[in-house]
Amino acid sequence: MSRRMKYLLAALSVFVLPLIFNDTYWRTNLTICAINVLLTLGLDFILGYTGQLNLGHSAFYGLGAYVSTLLIVKLGVPFWVAFVAGIGFAGLAGMFLSLFAVRLRGHYLAIASLGFAVIVYQILLNWISLTQGPLGIYGISPPPAVVIAGRVVADFRSLTAFFYLVSGFTFLVYLLLNQLVRSPVGETLTAIREDEISAASLGINCAAWKVFAFVVGSAVAGAAGCFYASFVGTLVPDAFYVTEAFNVLAMVIVGGVGTLIGPVFGAIFLTLLPEVLRGVGDLRLVVYGAALTFVVLFMPGGLIQAAHLVREKLRPSGPAS
Amino acid sequence: MITAFRALFLGLAATSLLAVGQTAHAQDKTIKIGALFPISGPGSYFGAQDKQGVELALEQLNRTGVNGYKFAIQYEDSSCAPLPATQAAKRLIEQFKPDVIIGEECSDATLAVMPIVEQAKVPLLNAGSSSIKVTQPGNPWTFRIMPNEVMQGVNLAENAYKRLNARTAALLFENTNAGIGNAQVFKENFTKLGGKVLAEIGFGRDVNDFTAIATRVAGLGKIDVIPTYTLEGQGLKITQALAQAGITKGGGGGAIQIGTIWLPFGFEQKAGKAALGYIRIVQFDPTDTRDLVKKFIAAFKAKYNADPTHLNAHAYDQIMLIADVVKRGGKDPQSIRDGLAATKNFSGVTGSVDFDKTNQNTKMDTVHYMETKPDMSWTSLKWN
Amino acid sequence: MTVTIVLQQAINGVVLGSLYVLVALGLTLIYGVLVQINFAHADFVTLGAFAAYFFMHLVGASYILSIGVAFSVGAILGWMINASIFTPLRRKGNELLPLIATIGVSVMMQNLMLAWFGPIPYAFETQYSNQVVRFAGIFVSWQNVIIIIVSSMTIALLYAFMKFTFLGKALRAVSQDHETAGLMGINQNQLIMLTFVIASALAGMAGAMLAPVLVLTPFAGTSVIVKAFAIVIIGGFGNVEGTILAGLIVGLIESYTTQFLDPGLIDIVVFALLLLMLAIRPTGLISERREENV
């Protein structure tokens, strides 16, 4: 099946989903899936394609949410302007961290990014006069309705419309990143991930590309934050505690790091799993942790690797694909 | 890739069908109560105890029913946070279709859920969130039986100034909505009366050692009262640290610890001598002499072999209040809502209930003052 | 502001520091030899604390004995984690996957403990936790004195072990230069297992010692682990003296920030320091390793 057909089918499925699941509970879950997919795409671009272990993704998520919301709530900035500002700020923060950490490798980068996330969280929590801290910001409105020639084309107070907005945006981001990854840029990034020293010897400016990947990834996370705020309507710093970064990491790994489509499934799977397992109570988070551990141990390629194995088994004869 | 995609899609479809199939079949003459409690995560402390109170009440009520109705309950895990709470609320409303909902404990979660219940036109009965925003402005579908942070704070400041003759205070509070809110109210009212707040020290929920904070308080000079707003785990450490530093009565000093968000009965046994002289507002007074309370304590002990805490008591009262509304004719969301609003002088184990027009219970007998005696038992100070 | 207050906060800082050092020591040991981070380390501490609690309360044993039990529980856990996670993954050669696996283990452990022990804080009292030593207007609780003493003894023992025994020297050899150590005939796998077991046993023991001080819930470890990582990096990954120094510094930062600023700012100050160290001196305060390509 050609790629274009796959995209068409995907778009169609996404379109049809809220029509099948037509209660507010499942539509909410779908929208949260979409937001999480956005987060994983950003992280996979950083981790999977340039090999930088970023444990602080929650910081950019939170910055996007807070910057855009504060602009709207305190300064009356129009929604989409604030949206762009939120993305920009998150990207800038990513650039700042990345420039700082560009010389760091592996574990050092991991801890530095974690430290960054802790600092951002503490600032959001303690700078009460600016962010309201734990007191929270309430009553955040969804994006304003789209009105063309006097008729309301899309009212984002409707869950379906909001879902289409977020999933549409996510789809676009996926297309963009996928194009990027299939282009010579993608080869450069992969070269850096596999062996930075050799890549440098080929004349690649590794530092610049690593920063680039970080900026893109964190900007995408910022967008997710903007959507989160206007979707939940309530903003408290605890939503961006560092454990959130671990959740996104789990989604990327379980889905299949470095494949871009893998994390999409990882996000959907790990978002819906706790909902489906609600009857199990506390143990559902145990399953979460177990999933992460076992995937890393036995199937590091994640769901994508599993899917390939299944496909191989279903194809008894002929050359391997 | 498409294989995986298809498989996932089918899986999604299958699970959704399963979920829908679990919807309880509405039975005649049953009042459906939905419960939003934190069952997982750090807040599961609350959920577990709430459930105990609920189960006791339901057991008693369902023996004979009320007005021909029996009660059914469905618990959903709201995790003490806005997003999980809204998801839990939606799931509850869509699948269980309750006539009334009780919950949440944490102010953030309650505030996030309120617009949802308003839109679904199902009454929400709250007994755990102290933030003033729950009832100001509030909405017609949300009711709270617990005294809010303003009611408690104003009263506490007054009593500190007038009955305890306190002129200086040092505030200790956890960095949460409830902690900060309560501390602010006390500070405003205490200073309005003429008192001085010498320090406001907020700390995160991950602080374990309070010796540094106690040291800082010790260096402030003469302190009369130390309003403390935190939960049991950290509250224990604070009380011990303050005593070790020789600041409070329990350590040979003169300051009195007051206030607090929630410290259950049994705190003294854990804190030991350090808790001497602690005066605090509790939502449940186990030394209350009313028959209603004595019967509740006896029944609770018989069922669970433990003394009830305010969490158990609140949950019990919520169910009993709903039963009272049903007795007065409530049978569906709208009539239950109206019945709640019309409540006058309901007697619960935590105190009486009388809602004002913002659906806040204004009865001050829900504010109980207790002081810790030298033998570690409580004596009830009849200040209300 | 009196001298007494400043002195008292200094002592508070040292106590806090010793607390952190007990937890961070295991981490730095593991990193030194394995070049791996065990994210579940703090949960070993928590589990050690619970093990000690239940041993004391169910069997009625003495506190000292329960510390031993916690030590053993830690050792067993360490053995299990190394055997099931680090050894198989080391063969694959990826340096980041094991870290992620331990994140998964950490989540599992915390929630299993939550399911078994519940969320209500346990009050772990020993005969030392409420008695106070006073001198010259300063006070320290006996439990904290014990923590400092045991901390120092452990560090001294560890130091002696590393400097004077054959195994210790072998460990240092492996941590300084993997390949050459292998050439010298040192059995790496056994050594690594030994390190892991010791480090995790230390974590368990730390849990038993800290239990009276910590707010004992399944999440007690998380409150300490992130700072422990910061300490390990500030002090220099794999360096015991550095860890001790960094631990004490962080403890002092904590008590003085509480005194002069606000407890809420502690994490910001500590992590700003961490980022600063990474910027100017990533190998840490004291490093005896070769210049590593960090």
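Numbers for the structure displayed
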| read-out | value |
| --- | --- |
| Most fluctuating residue given options C:Phe44, C:Phe229, C:Phe161, as computed from a GNM of chain C linking Cα atoms under 10 Å | C:Phe161 |
| 10 Å-binned pair-distance histogram of chain B (Cα, whole percent) | 5, 23, 31, 22, 12, 5, 2, 0 |
| In sequence order, calculated HN-Hα J values of region A:59-66 (Karplus, 6.51, -1.76, 1.60; Hz; x Gly/Pro) | 5, 6, 4, x, 5, x, 5, 6 |
| Between region A:202-250 and region B:190-244, the Cα center-to-center distance that results, in Å | 37 |
| For chain B: relative contact order, % (alpha-carbon pairs under 8 angstrom, 6 or more apart) | 15 |
| For residues of A:237-243, the mean tally of beta carbons on other chains within 10 Å | 3 |
| Normalised contact order of region C:2-280, rounded percent, pairs of Cα under 8 Å and 6 or more residues apart | 41 |
| B:Gly219 long-range amide H proximity, modeled H, under 5 Å | none |
| Relative frequency of Cα-Cα separations exceeding 19 Å in region C:186-242, percent | 45 |
| Calculated from backbone phi, Karplus (6.51, -1.76, 1.60) coupling profile of region B:43-59 in Hz, x at Gly/Pro | x, 5, 2, 5, x, 4, 6, 4, 4, 4, x, 4, 4, 4, 4, 4, 4 |
| Over 23 Å between alpha carbons, listed pairs B:Lys51/B:Lys187; B:Lys90/B:Lys121; A:Lys313/C:Lys92; B:Lys192/B:Lys237; B:Lys357/B:Lys382; B:Lys51/B:Lys363 | B:Lys51/B:Lys187; A:Lys313/C:Lys92; B:Lys192/B:Lys237; B:Lys357/B:Lys382; B:Lys51/B:Lys363 |
| Partner chain coverage, peptide C:226-235 - average Cβ within 10 angstrom | 3 |
| Mean projected area (nm²) of the alpha-carbon convex hull when region C:2-280 is viewed from all directions | 15.8 |
| Residues with amide H under 5 Å from that of B:Ile256, placed H, sequence gap 5 or more | B:Val225, B:Ile226 |
| Beta bridges per DSSP with both ends in chain B, % antiparallel, nearest 5 | 25 |
| Cα pair distances exceeding 22 angstrom across region B:234-363, given as percent | 51 |
| Peptide B:141-149, shielding by other chains (average Cβ, 10 Å cutoff) | 0 |
| Most fluctuating residue given options C:Phe54, C:Phe196, C:Phe166, as computed from a GNM of chain C linking Cα atoms under 10 Å | C:Phe166 |
| Compactness of region A:16-68 - radius of gyration and Dmax, Cα, Å | 14.4, 40 |
| Choice from C:Ile100, C:Ile147, C:Ile192 with maximal GNM fluctuation in chain C (Cα, 10 Å cutoff) | C:Ile100 |
| For region C:1-105: rounded, prolate or oblate by the Cα gyration tensor [a/c cutoff 1.5] | oblate |
| Value of relative contact order over region A:3-241, rounded to a whole percent, pairs C-alpha under 8 Å and six or more apart | 40 |
| Selection of trypsin sites (Lys or Arg not before Pro), region A:156-223, meeting DSSP coil and at most 12 other Cβ within 10 Å | A:Arg157 |
| Dipole in debye (nearest 20) - region A:3-241, about Cα centre, beta carbon charges: Lys, Arg +1; Asp, Glu -1 | 340 |
| 222 nm mean residue ellipticity, helices alone, for chain B (DSSP H n ≥ 4; -39,500 (n - 2.57); rounded to 500) | -13500 deg cm²/dmol |
| 25 °C / 0.890 mPa s Stokes-Einstein diffusion coefficient of chain A, Kirkwood radius on C-alpha pairs, µm²/s | 120 |
| Sum of -39500 (n - 2.57) over DSSP H runs of 4+, divided by residues of chain A (222 nm, nearest 500) | -25000 deg cm²/dmol |
| Exposed-site-free run, longest, chain C (rule: GluC sites (Glu not before Pro); DSSP loop; at most 13 other C-beta within 10 Å) | C:1-290 |
| Residue-averaged [θ]222 nm for chain C, counting only DSSP H segments that reach four residues, each worth -39500 (n - 2.57) | -23500 deg cm²/dmol |
| At 0.890 mPa s and 25 °C, Stokes diffusion of region C:187-294 via Kirkwood alpha-carbon radius, µm² per second | 159 |
| Whole-Hz ³J(HN,Hα) from phi, Karplus 6.51 cos²θ - 1.76 cosθ + 1.60, for region C:191-203, glycine and proline x | 5, 5, 4, 4, 4, 4, 4, 4, 4, 6, 5, 4, 4 |
| Cα-based shape type of the protein assembly as shown, given that a ≥ b ≥ c are square roots of the gyration tensor eigenvalues and the cut on a/c is 1.5 | oblate |
| Amide H partners (placed H, <5 Å) of B:Gln283, local residues excluded | none |
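None of the figures in this text is laboratory data; all of them are computed from the coordinates on show. Computed from a predicted model, the values in this text were never measured in an experiment. Reconstructed Cβ throughout: ideal geometry from the backbone, glycine too, with neighbour counts over all protein chains shown.
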